[in-house]
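Peer 1: This is the structure I want to talk about, given as structure tokens.
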Amino acid sequence: MLIGVLLIGLQLTAILTDGAWPKSSMLNGFASVMIYAIVGYGFTFLLGYAGLASLGTAGFVGLGAYITAYALKNMPGVPYVVVLLAALLVSLALGAIVGFISLRIEGIFLAIVTLGLSEIFYQLFNNWLDFTNGPNGASISKYPIFQTLLGMSRQDAQKAFYILLVIITVGLMMLTYNLGKSSTGRAMLAMKNSSSAAQAMGISLLKYRLLAFLLSTAYAGLGGVMFMSYLRFSAPQNYTIMFSLNILAAVLIGGSRNLIGTFMGSFIVFGITPIFLQDIPFFRENPWVINVTIGLIIILVVMFYPGGLTQLVNNVKASFKKADRRLS
Amino acid sequence: MSIPEILQTIINSLPMIGRYTLVTMGIVLIFRTTATTNFAQGLIATVGTFAVTWASLLWTDLPLWVCLLMGIAVSFLLGMFVDVALIRRARHITPSGKQMITMGVMMILVNVTPVIFRDITLWTRPGKSFSTGILSFPLLGHTMNITEMGLLGFGLAAVVLAAVFAALKFTKWGLGVRATAANESVAQMLGVNTRVITAFSWALAGGLAALGGFFTGAGTALNVTLMGNAQVFGFLACVLGGFGSFPAPILGAVIIPLIYNFAGNPNLMGPNAGMWQNLITFVAVLLLILIFPNGLLGKKYIKKV
């Protein structure tokens, strides 16, 4: 909630100061952080709750994006909501397929198989020219709803879409949080810790694995729709294994089950470069530095801080409390 | 498809079989000793391949095979370094966690490699090659063609893999690897120095992959995605064959190039076959994996609580 207020605040400041601060590149940076965070929330169900490692994220996001691009471009009569629902439905169908695969293939093999699946999507995006426009990438000319339906100017539509994005992000955050606290989340956690023990307690592996994948692919599909709607361009190169790895990194850095952590993780992985480092010449000329740092952070987090940022914050809090007690 | 065409397609697959079996062997060695899949395998091979071309440019009067050995040494050391510096210290972490560490290594190497080798404009320069000739020979009354480099790659891969299998079977190191693969803590208790065994397996995996990388890069533009396909197919080969034994993944690495080359045959799959070659191979392999989730030669693994 607080994040939502802050993000909307940023946009309002931009409107009030007439674009002097924050700059629109910074706002776009935050928008992409939100889009990736949405995908990340879906991924927490897999990694954080169900303990399933999947590298297929890029394919699911790409599919959502390309469905949006295709429908908005070639079927102008179809309302945006229908496009959104269609993208979600396709994602869900796909999630069901992968969910069933996950029942047959477990653990680290699942990562390999989903990696193969992601490669299939990449090949599709690259070669199915009628649907995706191939390596040149697909684009849409106008912001959906605000520009097409309400007739706003491009700048206003962008601002309005930004606010819509904040609302969606915060809404999904609350949904994810509540689902995680519900019996569904607890059942998934039980499954993560020991699938045999969970089964013995009457938890259906079929149901919850499937559900984890369904949720995750639906979020990813929605993320793809938002990606296309806000950034209005996508190319197959966006959806390589690096995308899936970055999402994994974002979720890991955040602390795999903590939603504010996931947001911060997305911010570190996807946001720092466009928001701050774009203006520093050194980083603009050497973009590899930040990626290497992300790689290092992944290794360090996995090896020494499996709880991620969340654990760091908690540890700092605990040490403050300790110091407090010692003083009093 | 006529018989000579089928034969020619099989022969066309040989170079790829050579390269993929080398990469796959490395992946299995690591999987069996460390219980994780190394996502940096392709990049470690790529660094070695870059090093070969780099060395041959820097010391122009050095024979190429010496440069090749140097490249293999680079990947050998890099593989060992990853194990000693990271994986060894992460022994208590789950297999998925170790997998993520190798993904982190991959991310670092992807970004650092172009920077290290940028100074001599290695980027998109064709990889070094021993020969560019094509060899024709008769087989069952038909004339077959294969590139000399491809044949050399296949031959070398066969010799090297035979040597690795012999080493696994007959040397003390091989016994150590098999013991570590069966049960690391018991092997340790029986006096096997599992640290050395594991580190050497990682190093050997790096070296094998670099050899495969050299033959992949020969004559084509070098870039960091050079071994991307080889790595993904290598993983899939392991799952397809079954991770349970050393020869089974090699079988997978033989089958996948065959599927790939038949899928790319225009007479069999239509004029656009080249475009959909990768896709068809991935789909075919994934379907095979779904039918045989334990691998073609794998045994059913019964989980104990």
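Peer 1: Excluding ligands, DNA and RNA, what is the accessible area buried between chains B and A, summed over both sides, using a 1.4 Å probe, to the nearest 100 Å²?
Peer 2: Protein heavy atoms only, the B-A interface buries about 3700 Å².
Peer 1: For segment B:212-281, what size does the Cα cloud have along each of its three principal axes, sorted from largest down, in whole Å?
Peer 2: Rounded to whole Å, the extents work out to 39, 29, 15 Å.
Peer 1: Let me ask something additional. With r as the distance between the Cβ atoms of residue B:57 and residue B:165 and R0 = 41 Å, compute the FRET efficiency 1/(1 + (r/R0)^6) and round to 0.05.
Peer 2: Here the calculated transfer efficiency is 0.70.
Peer 1: Take peptides B:251-263, A:53-65, B:135-147 and line them up by average Cβ neighbours within 10 Å, highest first, as a rough protection proxy.
Peer 2: Packing proxy ranking, top to bottom: A:53-65, B:251-263, B:135-147.
Peer 1: Let me ask something else. Count the lysine pairs in segment A:23-240 whose Cα atoms sit under 16 Å apart, keeping only pairs 8 or more residues apart in sequence or on different chains.
Peer 2: Lysine pair count for segment A:23-240: 5.
Peer 1: Sticking with this one: Which three extents, in whole angstrom, do the alpha-carbon atoms of segment B:3-226 cover along their principal axes, largest first?
Peer 2: 58, 47, 31
Peer 1: Moving on to the next point. FRET efficiency for residue A:131 and residue B:186, Cβ-Cβ distance as r, R0 = 41 Å, nearest 0.05?
Peer 2: Taking R0 as 41 Å, the efficiency between residue A:131 and residue B:186 is 0.15.
Peer 1: Quick check: pseudo-label points 7 Å beyond the Cα along Cα→Cβ at residue B:158 and residue A:74, how many nm apart are they?
Peer 2: 4.8
Peer 1: Express the relative contact order of chain B as a whole percentage, based on alpha carbon pairs under 8 Å and six or more residues apart in sequence.
Peer 2: For chain B, the relative contact order is 31 percent.
Peer 1: Where the accessible area of the protein assembly as shown is counted over protein heavy atoms with a 1.4 Å probe, how much of it, in %, is carbon and sulfur?
Peer 2: 68
Peer 1: So, one more: Leaving out ligands and nucleic acids, note down the accessible area per residue over the protein assembly as shown with a 1.4 angstrom probe, in whole Å². Walk me through the intermediate numbers first.
Peer 2: Values: 27300 Å² over 633 residues.
For the protein assembly as shown, the per-residue accessible area is 43 Å².
Peer 1: Another question about this same structure. Cα centroid distance between segment A:198-225 and segment A:37-51, in Å?
Peer 2: Rounded to whole Å, the Cα centres lie 10 Å apart.
Peer 1: In addition: Can you tell me which of B:172, B:128, B:98 moves the most in a GNM of chain B? Springs connect C-alpha atoms under 10 Å apart.
Peer 2: In this elastic network of chain B, the residue with the biggest mean-square fluctuation among B:172, B:128, B:98 is B:172.
Peer 1: So what is the calculated 222 nm ellipticity per residue for the protein assembly as shown, using -39500 (n - 2.57) for each DSSP H run with n of 4 or more, over all residues, to the nearest 500 deg cm²/dmol?
Peer 2: Calculated at 222 nm, the ellipticity per residue is -24000 deg cm²/dmol.
Peer 1: Can I ask one more? Given 0.36 nm per residue, what is the gain on full extension from residue A:92 to residue A:156 after removing their alpha carbon distance, in nm?
Peer 2: Difference between extended and current length: 19.8 nm.
Peer 1: Now a separate question. Percent relative contact order of chain A, based on C-alpha pairs within less than 8 angstrom and at least six residues apart?
Peer 2: It rounds to 31 percent for chain A.
Peer 1: Another question about this same structure. So if the hydrodynamic radius of segment A:23-240 is defined as the Kirkwood radius over C-alpha pairs, what does Stokes-Einstein give as its diffusion coefficient at 10 °C and 1.306 mPa s, in µm² per second? Mind dumping the intermediate values first?
Peer 2: On the way: Rh = 17.9 Å.
Translational D for this selection: 89 µm²/s.
Peer 1: By per-residue mean of other Cβ atoms within 10 Å, what is the highest-first order of A:77-90, A:243-256, A:36-49?
Peer 2: Order by mean packing, descending: A:36-49, A:243-256, A:77-90.
Peer 1: When you look at the Cβ of every residue in A:217-227, what mean number of other chain Cβ atoms sits within 10 Å?
Peer 2: Neighbouring Cβ atoms belonging to other protein chains average 0 per residue here.
Peer 1: Can I ask one more? Tell me, how many Å apart are the Cα centres for segment A:159-182 and for segment A:57-128?
Peer 2: First find each Cα centre; the distance between them is then 21 Å.
Peer 1: What FRET efficiency comes out for residue A:312 versus residue B:290 if R0 is 41 angstrom and r is the Cβ-Cβ distance? Round to the nearest 0.05.
Peer 2: About 0.50, to the nearest 0.05.
Peer 1: In addition: From the P(r) of the protein assembly as shown, could you give the percentage of C-alpha pairs in the tail past 42 Å?
Peer 2: Numbers: 53300 of 200028 pairs.
Pairs farther apart than 42 Å: 27 percent.
Peer 1: Now a separate question. Using a simple spin-label model with points 7 Å from Cα along the Cα→Cβ vector, what separation in nm is obtained for residue B:173 and residue B:196?
Peer 2: 1.1
Peer 1: Could you order the peptides A:109-119, B:9-19, A:166-176, B:155-165 from most to least packed, using the average number of other C-beta atoms within 10 Å per residue?
Peer 2: Sorting A:109-119, B:9-19, A:166-176, B:155-165 by mean packing, highest first, produces A:109-119, B:9-19, A:166-176, B:155-165.
The values are calculated or read from the model by the stated rules, or taken from the named source; none is laboratory data. Note that the coordinates shown come from a computational prediction; the quantities given were computed from them, not determined experimentally. With ideal geometry, Cβ positions are generated from the backbone for all residues, glycine too; neighbour counts draw on all protein chains shown. All accessible areas refer to the heavy atoms of the entire protein, side chains included, with ligands and DNA or RNA removed. Shrake-Rupley method; radii C 1.70, N 1.55, O 1.52, S 1.80 Å.
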